[in-house]
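Everything on this sheet refers to the single structure shown next.
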Amino acid sequence: MCILLWLLPIRRRHSQVGPTPQSGLHTGVVHWILQTLPRPKAVEHDAFRAWKWKNLSVSMVHSLVTGSWAITCVVLWPETLYKIYSFYTPHSYLLICFSTGYFVQDACDIIFSSYTRGAWEFLLHHAMVIWCFLYALYTKHYVAGTVIALFVEVNSIFLHMRLMLKLAGAQSSPFYAVNKMLNLFTYITFRLSAQFYLTWYIVQNYTGLDHGVYFMTTMMLMNTMILIYFYRLLRADFFPNHKAHPVQNGSTKFLKD
């Protein structure tokens, strides 16, 4: 409900966009539906694995929807790529509304779980994303930039699948091996490329952008985080020189590797 209250003023100011306040409600409905679906036995009888599976399932739905949505916006309106500060369409604006609802819901899910201590970096990431997205929604500035930022969700599909396979104990399966390569490819082409392109744009147009200092700082923090995650990914999947340890008593192993 808090998500609906946050987005209601935006709906009133931009009524031509459509039913944007329902974004948080839709995420909540997806969250409830996924709880009714069957889960692997390795997940079912472990509290942490069960919660993490449910959380990743919701995140997977978000990535499938927003990743394809963001690409569609760029294909239909190519000016999204170079009018990052000023350009937007009702469709791209609605995309940001929908994604903001998800990030707020996911942050709340983590906070109200018993595993917050091991997920501080995810909460920091979500806080930066939510603030940037809300700024774009209220000012109509950087909407195109947030659409490009959501290209990372294409890679998130395979990141979420990777963690779900690990939770299910399927690291040795052929599907995990295929997903591992697709994850690496999309990490470079969608996550790193989109992030560095936005960083380049801010550097090139720094003096003419509103709140340039804040967005530059945010991008630098984001860049640092995704490079650390990339290192962890390479170490865990391609250069495993350490023994794997199972998740025990709310361990954060899967949140890091």
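State whether the residues of the range 150-161 include one that is of a type in the set (S, T, N, Q), at pLDDT 90 or above and in contact with a helix residue (DSSP H, G or I) (Cβ under 6 Å, 6 or more places away or on another chain). For the range 150-161, residues of a type in the set (S, T, N, Q), at pLDDT 90 or above and in contact with a helix residue (DSSP H, G or I) (Cβ under 6 Å, 6 or more places away or on another chain): present.
Number of residues in the range 187-226 that are in a loop (DSSP other than H, G, I, E, B) and either more than 14 Å from Cys132 (Cβ to Cβ) or β-branched (Val, Ile, Thr) (or both): the value is 1.
Scanning the range 99-114 for any residue that is touching a residue at least 60 places away in the same chain (Cβ under 8 Å) and not in a helix (DSSP H, G or I) turns up at least one such residue. Residues that are more than 20 Å from the chain's Cα centre (by Cα) and aliphatic (A, V, I, L, M) were ranked within the range 205-221; the one that is most open to solvent (accessible area, probe 1.4 Å) is Val213. Could you please let me know if Ile111 is β-branched (Val, Ile, Thr) and crowded, with 20+ Cβ neighbours inside 10 Å? The answer is no for Ile111. The residue that is surrounded by the most Cβ atoms within 10 Å (Cβ to Cβ), counting only those in the range 83-98 that are in contact (Cβ under 8 Å) with a residue 60 or more places away in the chain and not aliphatic (A, V, I, L, M), is Cys97.
Restricting the search to helices (runs of 4 or more DSSP H) fully inside the range 22-95 and requiring at least 2 residues that are under 24 Å from Leu134 (Cβ atoms) and modelled with pLDDT under 75 gives 22-35.
Of all residues in the range 108-128, those satisfying the criterion of being in contact with a Phe, Trp or Tyr (Cβ under 8 Å, 6 or more places away or on another chain) and not polar (S, T, N, Q) are Ile110, Tyr115, His126.
In the range 133-143, what residues are among the hydrophobic types (A, V, I, L, M, F, W, C) and in contact (Cβ under 8 Å) with a residue 60 or more places away in the chain? Correct list: Leu134, Leu137. Taking the range 131-176 as the range and being assigned to a loop (DSSP other than H, G, I, E, B) and open to solvent by 10 Å² or more (accessible area, probe 1.4 Å) as the test, the residues that pass are Lys140, His141, Tyr142, Phe151, Ala168, Gly169, Ala170, Gln171, Ser172, Ser173. The residues listed here are Ile202, Ile188; of these, the one that is on the phi < 0 side of the Ramachandran plot and open to solvent by less than 40 Å² (accessible area, probe 1.4 Å) is Ile202. Each residue in the range 144-165 was checked for being more than 16 Å from the chain's Cα centre (by Cα) and in contact (Cβ under 8 Å) with a residue 40 or more places away in the chain, and 1 of them qualify. Within the range 194-215, residues that are under 25 Å from Gly67 (Cα atoms) and in contact (Cβ under 8 Å) with a residue 12 or more places away in the chain sit with their Cβ atoms under 7 Å from residues that are among the small types (Gly, Ala, Ser) and part of a helix (DSSP H, G or I), at 6+ positions apart or across chains, in these pairs: Ala194/Ala149; Leu198/Gly145; Leu198/Ala149; Ile202/Gly212.
The values are calculated or read from the model by the stated rules, or taken from the named source; none is laboratory data. Everything numeric here is computed off the predicted structure, so don't read it as measured data. In this analysis, Cβ positions are derived from the backbone assuming ideal geometry, glycine residues included, and neighbour counts consider all displayed protein chains. To get the accessible areas, we keep the full protein, side chains included, count just its heavy atoms, and leave off ligands, DNA and RNA. Shrake-Rupley method; radii C 1.70, N 1.55, O 1.52, S 1.80 Å.
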